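Here's the structure we're looking at; comments come further down.
The values are calculated or read from the model by the stated rules, or taken from the named source; none is laboratory data. This structure is a prediction, so every number in the text was calculated from the model and none was measured. Glycine gets a Cβ as well: all are built from the backbone with ideal geometry, and neighbour counts include every protein chain shown.
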Amino acid sequence: MTTQTENPHNTIHKLQRELGWKKKMIETYQREMFTIKDLKEEIEILKAENKYLKTLLRMSVKTTSTQEHIEAAIGEVYPHFLPSMIASRSRKGELVELRHIWMQLMYKYSGLSLSKVGDIAGRDHTTVIHAIQKVDAMCLYEKRFRMQYEKVLKNLIDKLHGQHN
């Protein structure tokens, strides 16, 4: 009976990969720790969001006006944003970030399906799913992004509430 021994170089390589992965995890957690203030602000935004969603269930909002409000809200925080950027094929980081925010807000507030949002953006529904997940993750781990996103969300909620009043 022969036993196979693992190549020591492979073992070292596996351990180095695992160590690198664990190091990245620790750095991520250390970099972005939530403070109580951050959580309170997030709770307030979620309350406002919930209030709007309840209103939306009672009233019907045209998709085009919702889309216009979303694009205006993004444009207030990112002045260089243009609605034509949504269907652009560019992969520039900031443009992709704006497109992801737009997709998430369109799906969340317009009542459109993933496929319909993707059609407007010239993408498919799986790209919209990825965008939604990416925005959620970036809000958790990147403070700069979360602050910008919260500004966009506040602008949007103000615009949508103004439309109903």
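Just give me the residues in the stretch 69-87 being farther than 19 Å from residue 125 by Cβ and part of a loop (DSSP other than H, G, I, E, B), in sequence order. Before the answer, list the steps.
As a first pass, look at the stretch 69-87 and keep what is farther than 19 Å from residue 125 by Cβ: 69, 71-85.
Hits for the stretch 69-87 are 78, 79, 80, 81, 82.
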**Request:** Filter the stretch 100-120 down to residues that are of a type in the set (Gly, Ala, Ser) and buried (at least 18 other Cβ atoms within 10 Å of the Cβ), then give me how many there are.
**Result:** 2
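Condition check: part of a helix (DSSP H, G or I), at pLDDT 80 or above, under 19 Å from the mean Cα position of the chain (by Cα) and of a type outside the set (D, E, K, R). Does residue 95 satisfy that? Even if it seems obvious, please write down each step before you answer.
On the way: part of a helix (DSSP H, G or I): yes; at pLDDT 80 or above: yes; under 19 Å from the mean Cα position of the chain (by Cα): yes; of a type outside the set (D, E, K, R): yes.
Spelling it out, residue 95 is indeed part of a helix (DSSP H, G or I), at pLDDT 80 or above, under 19 Å from the mean Cα position of the chain (by Cα) and of a type outside the set (D, E, K, R).
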**Request:** Looking only at the stretch 132-142, decide whether some residue is in contact (Cβ under 8 Å) with a residue 40 or more places away in the chain, surrounded by fewer than 17 Cβ atoms within 10 Å (Cβ to Cβ) and out of contact with any helix residue (DSSP H, G or I) (no Cβ under 8 Å at 6 or more places or on another chain).
**Result:** yes
**Prompt:** Name the pairs whose Cβ atoms lie under 6 Å apart, with the first residue in the stretch 10-25 and at pLDDT 75 or above, the second among the hydroxyl-bearing types (Ser, Thr, Tyr) and in a helix (DSSP H, G or I), and 6 or more positions between them or separate chains?
**Reply:** none
**Complete:** In the set 74, 86, 36, the lone residue that is of a type in the set (A, V, I, L, M, F, W, C), closer than 18 Å to residue 139 by Cβ and modelled with pLDDT of 80 or more is 74
**Request:** Kindly provide the set of residues from the stretch 78-99 that are crowded, with 19+ Cβ neighbours inside 10 Å and farther than 17 Å from residue 128 by Cβ, ordered by number.
**Result:** 81
**Complete:** Going through (1) modelled with pLDDT under 70; (2) surrounded by 10 or more Cβ atoms within 10 Å (Cβ to Cβ) one by one, residue 68 fails only at (1)
